[in-house]
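K.L.:
Just passing along the structure, written as structure tokens.
The values are calculated or read from the model by the stated rules, or taken from the named source; none is laboratory data. Everything quoted here is computed from the prediction, not taken from an experiment. All Cβ positions, even for glycine, are placed from backbone atoms using ideal geometry, and neighbour counts span all protein chains on display.
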Amino acid sequence: MSADAVTMPPPRRDRRRRRRKPSGVSWWLTALLVVLSLTVLVPLYFTVVMALKTPEQLGGTGFAPPTEWAWGNFAEAWRTINYPARALNTALITVGAVVLTLLTNSMVAYAIARQMHRRLFKALFYYFIAALFIPFPVLMLPAAKQAAILGLDNQAGLVLLYTVYGLSFNVFLYTAYVRSIPAELEEAARIDGSSTWGVFWRVVFPLLAPINATVGILTCVWAWNDFLLPLVILSDPSAATIQLAQYVFQGQFSADYTLAFASYLMAMAPLLVVYVVAQRWVISGVTRGAIK
């Protein structure tokens with residue numbers, strides 16, 4: 001082959017193909033993302049605007065910015081709902097639910113994931129998945145009655161119920177993630193003399209950090225924002241959560257919307273901090289389980 005043949009430029013058709021670069025922007029998906037973002041941003045804007053208004057500025061649609069900034073609404077809401085005590089109650093319930101959920105749900109999912117080839121464990125997996133389709137109102141009154149009989153109509157019982165009711169969805173997440181972990185790591189630990197408990201706590205559980213963050217943040221958001229379960233379970237008024245305390249703004253014939261929305265923002269602030277810190281692990285935990 002001659003030197004001229006080697007240095008011959010590629011055909012025009014090939015050069016045209018090389019010049020075509022795939023577009024990096026999907027305008028349809030971008031428009032959909034904007035519309036979905038508005039479903040979150042518009043209510044958030046409405047909440048902030050309402051929290052900074054005085055009762056005299058509540059006329060119209062409510063979307064107009066306040067003409068006078070009423071920062072005192074936050075101080076009044078803090079005092080009315082006794083925010084420090086209610087936030088402490090909510091934090092104790094939330095932390096207890098997160099810790100107990102991570103410890104117990106991960107063990108259940110690990111046992112199912114590694115024994116999925118057996119009929120019993122496969123049946124258990126589908127049993128937990130089927131429980132996702134049972135609406136909570138069906139179980140609400142029987143759960144409240146049973147909790148009162150067993151003396152669990154308190155914060156400890158609420159933590160236990162959050163752990164049990166979240167088991168179905170958490171097993172679904174954990175099982176997919178555990179199956180993405182190579183079984184050879186566990187076999188090597190067993191060869192070194194580790195028991196089943198040792199393999200789980202020393203090898204598997206540390207590798208569950210991303211999915212633990214995912215399950216933890218989902219449980220945290222649920223337990224912190226929940227209103228219905230504390231309403232039907234807690235019998236002691238001093239153990240009320242922030243959401244139950246906010247019910248004081250709703251009267252029989254009227255509602256104090258400015259103070260109510262100020263308290264909503266105060267209740268939302270801790271969760272925003274938690275999510276900003278843990279969002280990286282949340283995304284990685286979901287995607288790794290989905291890829292498998």
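K.L.:
Could you figure out which of (1) assigned to a helix (DSSP H, G or I); (2) surrounded by 18 or more Cβ atoms within 10 Å (Cβ to Cβ) isn't true of Y126?
P.N.:
All conditions pass for Y126, except number (2).
K.L.:
Additional query: Under the condition of being outside any loop (DSSP other than H, G, I, E, B) and under 28 Å from the mean Cα position of the chain (by Cα), which residue from the stretch 50-83 is farthest from P270 (Cα to Cα)?
P.N.:
We begin by selecting, within the stretch 50-83, every residue outside any loop (DSSP other than H, G, I, E, B); these are 50-51, 55-57, 72-80, 83.
Next cut, under 28 Å from the mean Cα position of the chain (by Cα) only: 50-51, 74, 77-78, 83.
On the way: M50: 20, A51: 17, F74: 15, A77: 16, W78: 15, Y83: 12 Å.
Ranking the qualifying residues of the stretch 50-83, first place goes to M50.
K.L.:
For A113, state whether it is surrounded by 15 or more Cβ atoms within 10 Å (Cβ to Cβ), in a helix (DSSP H, G or I), modelled with pLDDT of 90 or more and in contact with a Phe, Trp or Tyr (Cβ under 9 Å, 6 or more places away or on another chain). Show your work before the answer.
P.N.:
Details: surrounded by 15 or more Cβ atoms within 10 Å (Cβ to Cβ): yes; in a helix (DSSP H, G or I): yes; modelled with pLDDT of 90 or more: yes; in contact with a Phe, Trp or Tyr (Cβ under 9 Å, 6 or more places away or on another chain): yes.
In short, yes.
K.L.:
Hey, Y177 hits all of (1) closer than 28 Å to A239 by Cα; (2) touching a Pro at 6+ places or on another chain (Cβ under 8 Å) but one; which does it fall short on?
P.N.:
Going through the list (1) closer than 28 Å to A239 by Cα; (2) touching a Pro at 6+ places or on another chain (Cβ under 8 Å), Y177 breaks only (1).
K.L.:
If a residue must be among the aliphatic types (A, V, I, L, M) and surrounded by 15 or more Cβ atoms within 10 Å (Cβ to Cβ), how many such residues does the stretch 67-88 contain? Steps first, answer last, please.
P.N.:
Applying the first criterion (among the aliphatic types (A, V, I, L, M)) to the stretch 67-88 yields 70, 75, 77, 81, 85, 87-88.
Filter once more, so that each one left must be surrounded by 15 or more Cβ atoms within 10 Å (Cβ to Cβ): 70, 77, 81, 87.
Adding up the residues that qualify gives 4.
K.L.:
Also, I was wondering about something else. Quick one: A91 ticks every box in (1) exposed (fewer than 15 other Cβ atoms within 10 Å of the Cβ); (2) assigned by TED's automatic domain parsing to the domain that holds T219 except a single one, so which number is it?
P.N.:
A91 satisfies all of (1) exposed (fewer than 15 other Cβ atoms within 10 Å of the Cβ); (2) assigned by TED's automatic domain parsing to the domain that holds T219 except (1).
K.L.:
Follow-up. Residues being within 28 Å of the chain's Cα centre (by Cα), without any contact (Cβ under 8 Å) to a residue 40 or more places away in the chain and assigned to a loop (DSSP other than H, G, I, E, B): count how many of those fall in the stretch 165-223.
P.N.:
Residues meeting the conditions: 2.
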